[in-house]
Amino acid sequence: MTAFEIASENPLLATWITPQGMPPFAEIEASQFSEAFDMAFAEDRAETQTIADNPDEATFANTIDALERTGRTLERVASVFFNLSSADTNEALQAVEREVAPRLARHSSDISLNPKLFKRIKSLYDARDTLNLTVEQERVLERYYKSAVRAGAGLDEESKSRMAETAERLAGLTTQFTQNVLADDSSFRLELRHEDDLAGLPDFLKAAASKNAQDLELDAGHVVTLSRSSIDPFLQFSTRRDLREQVWQGWTSRGANGGETDNRAIIREIMQLRQERAALVGNDTFADYKLDDTMAKTPAAVEDLLTTVWGPARRRALEERDALQEVATGEGNNFDIAPWDWRHYAEKVRQERYDLDEATLKPYFQLEQMIAAAFQSATNLFGLTFRERDDFTMYHADVRVWDVMNAAGKHVGLFCGDYFARPSKRSGAWMTAFRRQQALDEPVAPIIVNVLNFVKPAEGESALLSYDDATTLFHEFGHALHGLLSDVIYPSVSGTSVSRDFVELPSQLFEHWLMTPEIISTYAVHAETGETIPNDLLDKLKAAKNFNQGFATVEYLASAILDMRLHQMQIPDDFDAEAFETATLADIGMPSEITARHRLPHFLHLFAGDGYAAGYYSYLWSEVMDADAFEAFEETGNVFDAATAKKLHDFIYSTGGSRDPAELYKAFRGRAPAIDALLKGRGLAEAAS
């Protein structure tokens, strides 16, 4: 029970007596969420209004501490709901989401714009230098004040009302955008009914396509879906150019197919509302508004980074294109390389240059072994150990749970892994939480979740990953460690509650340990023979590390540039998202053989919420830091150097948002990061000169 003393048979509102406080998924039904949200909203309103109406002078304890204790039922209900709506949704959950998302936005606005509450927060912020606060408390107070100001708390009543209206409308639009992309994802099927449809496909891909057909209960022998773990290898290996084009068109046209799932008009309205909100609080553009609260601070700083990398990346990509065209022409083809050809001919060039092909490599990257590799890396760095548990009933049978213990044998938290693609799960990979770490009243251990979309193998077979899949697993586990190792007092600055262009540092940095000799030579084990990856194959993989980096960098940068330019413009009523995309890419000299990694009609980072809006650059911003940070380990001669790992733990993984991120990085590294490590890491240093 909470302070509001909710009494209900609804399991979402009852006290959870499950092991470690895991949500009681077996008892939860979609129909229960509406009541749960109603009660949780009421509790949170009552709690915050009590703080606002307190007749005593504002103190940190009776205002900020008190606010940190509010809304716990709402956070609990929302964390379960939004995890389910992303990872295992259905029509009933989607209906609730369409109803709840705008209400949640309105509820948040009502609290942020409460004049009595803001007066108390502002009085504390204005007197912050006299309050004797800890560093973490100063940061928490700053976050409350700036969040309220950015939400419009300092505006007149008419403007505050408009801010609340736009937030509510945006929540509905972003929910619809997300559901439209999922609908297009789930509806695409490329049925391979004849033997010649399978031309060029290796056995592992045929097996995966066969499993897709079985899971979808289709009478076609093999089916390709829009899971990245399905379409990427199909584009690599299929010798049927017409089928490659169909898959590519299916992937890139999501959200732009007309009808009920078309997102183009939604983009226009989202952008206009974002611009209006930015203007109401005194910003010229939404990019100015968003970046003011990041490490980058200004659009100019972001543009400078993107421009610095774009030139060498584009030059390298054009060199790569010429090499692919030479192979295609040499095979007697009289067509120019198209986007659906790139991965296919890149695989051929990679085989020719490095004697390395995905079909040979993939059996060495078994899912089970890569999970163990990530765990071992965390053990070597931070002393963590992992014990799988089977006493949880989760939201889907595929979800697994591990106890996480520290070096002293103390429980740190629970880690959940949801690894396989399914129609009820949105595409991509992400980390989230059912419960955040905090210690305001008593220590609370986190429950952290990694959600991915690997192809599920047939019964009794090993799940095989590509090298890119394995890297994604390490990336998301880096986020998980950020949540698990969090060691702060206040929930609002826990774990990944950090600046958007800092949040990718722990995840991208952790990717580096996959290819360290201690890890790769131990855990890259052949699925059939049990043989450890041979040194010559490992040498080839390392030699090919920067192969196709021009392509990879250009497709990412194109999306980042689209994001930044879009959020710096005024959006007219006749705005055409696809025309804007075409014109922008032409302006920067985008090679016609490459498409942006995310086209605007399905760009979930930008339009499933505003988390990465005017912020997609953050992967590159963080990469400057992660490349530089890994060099700190390399400089010691030991990639698991204990002293460096302790600083990494103390200043990056455990601190959450309790301190300024630039200060934290300098505390770890002793200086600001340098871009040279990024260019070197991507093999673009030569192209930059």
Q) In nm, to one decimal, how far is the modelled label at Ala543 from the one at Ala685, with both set 7 Å along Cα→Cβ? A) 2.0
Q. Which GluC sites (Glu not before Pro) does segment 157-265 hold that lie in a coil by DSSP with at most 15 other beta carbons within 10 Å?
A. Glu217
(Q) Restricting to DSSP H runs of at least four residues, report the calculated mean residue ellipticity at 222 nm for the chain, -39500 (n - 2.57) per run over all residues, nearest 500 deg cm²/dmol. (A) -16500 deg cm²/dmol
Q | Globularity ratio of segment 426-470, using Cα Rg and 2.2 N^0.38 Å | A | 1.72
Q. Suppose every K and R has +1 on its Cβ and every D and E has -1 on its Cβ; what is the size of the dipole of segment 169-305 about the Cα centre, in Debye to the nearest 20?
A. 120
Q. For segment 503-582, what is Rg from Cα atoms divided by 2.2 N^0.38 Å, rounded to two decimals?
A. 1.77
Q. Across segment 615-629, in residue order, what do the Karplus-derived ³J(HN,Hα) couplings come to in whole Hz, using 6.51 cos²θ - 1.76 cosθ + 1.60 with θ = phi - 60° and x for Gly and Pro?
A. x, 5, 4, 4, 4, 6, 4, 5, 5, 4, 6, 5, 5, 5, 5
Q: With everything on Cα atoms, drop me the angle between helix 33-52 and the longest principal axis of the chain, reported from 0 to 90° to the nearest 10.
A: 50
**Q.** For segment 584-658: rounded, prolate or oblate by the Cα gyration tensor [a/c cutoff 1.5]
**A.** oblate
Q: For Rg and Dmax of the Cα atoms in Å, several values are listed as (1) 25.1, 84; (2) 34.0, 105; (3) 25.7, 94; flag the one computed from this structure.
A: (1)
**Q.** Cα gyration tensor shape for segment 363-496, rounded if a/c is under 1.5, else prolate or oblate
**A.** prolate
Q) Using 0.36 nm per residue, how much length does the chain from Glu91 to Asp215 gain when fully extended, once their Cα-Cα distance is taken away? A) 42.7 nm
(Q) Output the 0 to 90 degree angle, nearest 10, between the alpha-carbon long axis of helix 467-484 and the longest principal axis computed from the alpha carbons of the chain. (A) 20
Q.
For segment 79-154, which chymotrypsin sites (Phe, Trp or Tyr not before Pro) pass both filters: DSSP loop (anything but H, G, I, E, B) and at most 10 other C-beta atoms within 10 Å?
A. none
Q: List, in order, the whole-Hz ³J(HN,Hα) value for each residue of segment 494-509 obtained from phi through the Karplus relation with A = 6.51, B = -1.76, C = 1.60 and θ = phi - 60°; use x for Gly and Pro.
A: 7, x, 8, 7, 10, 3, 4, 8, 10, 5, 7, 4, x, 6, 5, 4
Q) In whole Hz, what ³J(HN,Hα) sequence does segment 327-334 give by Karplus (6.51, -1.76, 1.60; θ = phi - 60°), x for Gly and Pro? A) 5, 4, 5, x, 7, x, 8, 10
Q) What's the extension gain from Thr130 to Val327 if we count 0.36 nm per residue and subtract their Cα-Cα distance? A) 63.9 nm
**Q.** Which of Val247, Leu473, Ser427, positive extreme of dipole for the chain (C-beta unit charges)
**A.** Leu473
Q: With a cut-off of at most 16 other beta carbons within 10 Å, and DSSP calling the residue loop, which GluC sites (Glu not before Pro) in segment 1-103 qualify? Please list them.
A: Glu5, Glu9, Glu29, Glu57
Q. For Ala87, what charge total do you get from the other residues with a beta carbon under 15 Å from its beta carbon, if Lys and Arg give +1 and Asp and Glu give -1?
A. -1
Q. If the chain between Arg106 and Ala300 were fully stretched, how many nm would it gain, using 0.36 nm times the residue separation less the Cα-Cα distance?
A. 66.6 nm
Q. Roughly how many whole Å is it from the C-alpha centroid of segment 88-162 to that of segment 385-443?
A. 29
Q. How large is the dipole of the chain about the Cα centre if only Lys and Arg carry +1 and Asp and Glu carry -1, each at its Cβ, rounded to the nearest 20 debye?
A. 1000
(Q) Could you tell me the center-to-center distance, by alpha carbons, between segment 187-222 and segment 248-279 in angstrom? (A) 31
Q: For the chain, find the longest principal axis of its Cα atoms and tell me its angle to the long axis of helix 91-112, 0 to 90°, nearest 10.
A: 50
Q: Give the residue from Tyr523, Leu198, Asn180 lying farthest towards the positive end of the charge dipole for the chain; charges sit on Cβ (+1 for Lys and Arg, -1 for Asp and Glu) and the dipole is referred to the Cα centre.
A: Tyr523
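Values quoted throughout were computed directly from the atomic coordinates according to the rules given, and no laboratory measurement underlies them. Everything numeric in this text was worked out from a predicted model, so none of it was measured. So basically every Cβ, Gly included, is an ideal-geometry build from the backbone, and we count neighbours across all protein chains shown.
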